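Trainee: The structure is given below, and queries will be raised subsequently.
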Amino acid sequence: MEYTPFGRTGIRVSKLGLGGAPLGGDFGPVTDEQVTQIIEMALELGINFIDTAPLYGKGESERRIGIALRGKRENVVLASKAVMRGETYSYENTIRSVESSLKRLGTDYLDLIQMHELDESNAEIGMNETVPAFLKLKEQGKVRAIGVNAANPALLLPFIRSGLIDSVQTFTRYMLIDYSAMDELLPAARSHHVAVINGSVLGMGLLSDAPAPFLLGNQALMEEAERRIQAVSFLRKTEQKGLIEPAMRFSLSSPDIAVTLTGTTSLRSLSLNASYCDGHGLSDEEMCQLLSLFQGRPLSWKKEMKDHG
């Protein structure tokens with residue numbers, strides 16, 4: 001397992017992190033025992049970063065992670081988010097959301113708290129309500145670092161430049177068929193020493209030959225994604241789902257990505273993804289060819305696409 005500084009926070013994180021949405025049952029039934037097994041294996045593999053949210057399983061992901069981490073809390077960098085989808089991102093709701101997360105997780109502090117789904121709110125509320133609440137919680141010692149999450153990288157730029165936050169998280173924007181995060185987000189984060197968390201490097205299942213059901217109704221997206229998948233076929237390994245390894249290595253080997261998230265309830269999948277965190281990325285030739293394909297051409301996702309990672 002490789003480790004790296006988490007921006008300017010002084011926290012050291014594994015380059016591979018465990019995403020909490022599947023642990024809440026958002027992708028299928030899962031038990032408390034299964035979640036405990038996944039987290040125990042993650043720790044054995046050297047993964048020390050776990051990312052969850054009250055949204056995932058409507059609190060079940062946090063509750064199960066809290067159970068699994070009893071007696072092991074100090075071994076992980078624990079991240080969650082605020083607030084629950086459908087609630088306003090007010091100062092008071094933000095404080096209340098974090099307090100509820102702490103109870104479900106069975107801890108008195110979070111290593112990282114993030115504004116969840118900035119796309120669902122706006123920068124003004126984030127700057128004037130959510131971030132001040134995070135700063136108050138940080139002052140109280142209930143959180144160590146603060147961040148913002150959004151699908152659209154452009155929305156994160158004002159927060160990076162504000163100097164108020166420690167991390168950003170985006171998803172589906174630094175992967176084999178859409179690396180538009182390279183245009184502005186990664187350079188801005190690098191220059192301000194803000195850590196980047198990268199989610200859904202498999203493109204909501206597109207790169208694992210198992211697209212999420214909610215994508216199937218978007219014909220334009222599916223057709224364009226298929227064209228791009230064909231264009232990167234030179235990276236495909238011979239085994240089944242052969243784009244998973246290059247997709248993981250593409251993100252894991254980037255010096256601009258602090259944590260690449262993997263969301264799974266499969267012990268085998270978790271072990272395989274951890275094996276790709278060995279410092280070996282794509283070859284120079286493969287990178288050159290890949291980066292000549294889609295530069296400046298982000299995939300057009302449905303506006304209603306949510307954070308499923």
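Read-outs throughout are calculated quantities, based only on the coordinates presented, and are distinct from any laboratory measurement. The structure presented is a predicted model; accordingly, all values stated were derived computationally and were not measured. For neighbour counting, all protein chains shown are included, and Cβ atoms are generated from backbone atoms with ideal geometry for every residue, glycine included.
Trainee: Pick out, in residue order, every one of the trypsin sites (Lys or Arg not before Pro) in region 27-119 that is DSSP loop and has at most 11 other C-beta atoms within 10 Å; say none if there are none.
Mentor: Loop-located and lightly packed - Arg70, Lys72.
Trainee: Let's test the formula: R0 of 41 Å, r as the Cβ-Cβ distance of Lys103 and Asn128. What FRET efficiency results, to the nearest 0.05?
Mentor: Plugging the Cβ-Cβ distance into 1/(1 + (r/R0)^6) gives 0.95.
Trainee: Do the sum for the chain: with -39,500 (n - 2.57) for every DSSP H run of n ≥ 4, divided by all residues, what is the mean residue ellipticity at 222 nm, to the nearest 500 deg cm²/dmol?
Mentor: Value at 222 nm, helices only: -10000 deg cm²/dmol.
Trainee: Right, something else. Starting from region 152-228, pick out the GluC sites (Glu not before Pro) whose DSSP state is loop and whose Cβ has at most 15 other Cβ atoms within 10 Å.
Mentor: Sites meeting the loop and neighbour criteria: Glu184.
Trainee: Have a look at Gly25, Gly203, Gly296 and tell me which one the Gaussian network model of the chain (Cα, springs below 10 Å) gives the largest fluctuation.
Mentor: In this elastic network of the chain, the residue with the biggest mean-square fluctuation among Gly25, Gly203, Gly296 is Gly296.
Trainee: If you don't mind, there's one more thing I want to ask. Quick one: compute the contact order of region 3-291, relative version, from alpha carbon pairs under 8 angstrom and 6+ residues apart, as a percent.
Mentor: Relative contact order here is 18 percent.
Trainee: Mean-square fluctuation check for the chain, GNM, Cα pairs under 10 Å: which of Gly279, Gly86, Gly59 is largest?
Mentor: Answer for the Gaussian network model of the chain: Gly86.
Trainee: At what distance in angstrom do the alpha carbon centres of region 105-162 and region 201-252 lie from each other?
Mentor: 30 Å
Trainee: Sticking with this structure for a sec: What does the extension gain come out to for Arg85 and Gln230, with contour length at 0.36 nm per residue minus their alpha carbon separation?
Mentor: The Arg85-Gln230 span can extend by a further 48.6 nm.
Trainee: If you take the beta carbon distance between Ser191 and Arg73 as r and set R0 to 41 Å, what does 1/(1 + (r/R0)^6) give as a FRET efficiency, to the nearest 0.05?
Mentor: 0.75
Trainee: Quick one: among Val35, Val76, Val98, which has the greatest mean-square fluctuation in a GNM of the chain with alpha-carbon springs under 10 angstrom?
Mentor: Judging by the Gaussian network model, the answer is Val76.
Trainee: Which of the GluC sites (Glu not before Pro) across region 1-70 are loop residues per DSSP, with 16 or fewer other Cβ within 10 Å?
Mentor: Qualifying residues, ordered by number: Glu2.
Trainee: Distance between the C-alpha centers of region 259-293 and region 1-70? Whole Å please.
Mentor: Here the two parts' Cα centres lie 18 Å apart.
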